[in-house]
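Taking it in order: structure first as structure tokens, then the write-up.
FYI, it's all coordinate maths here, none of it is from the lab. Nothing here was measured: the structure is a model prediction, and the numbers come from that model. Note: ideal-geometry Cβ built from the backbone for every residue, glycine included; neighbour counts use all protein chains shown.
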């Protein structure tokens, strides 16, 4: 039961990271298109770039945490999913 809950938590984390990546790219593309059309100075483009980098960095940290959790889970169970402790 715990494995199933852990898998669901990892899946939820993965979905959140994927949504952040996709949303960041869509918003960044929209900002790159809209900023010149609205006549915003170039420094706002850098602001949008930094915000996108921050969101992508956060997603990378979440993905790294997921990877670490998966590796820790494999140490107690083998490829068949059964417990290797005895």
**Message:** Which order do the peptides 37-48, 53-64 come out in when sorted by mean C-beta neighbours inside 10 angstrom, highest first?
**Reply:** 53-64, 37-48
**Normalised alpha carbon radius of gyration of segment 2-72 [divisor 2.2 N^0.38 Å]** = 1.46
**Item:** Contact order relative to length of segment 2-72, as percent, for alpha carbon pairs under 8 angstrom and 6 or more apart
**Value:** 46 percent
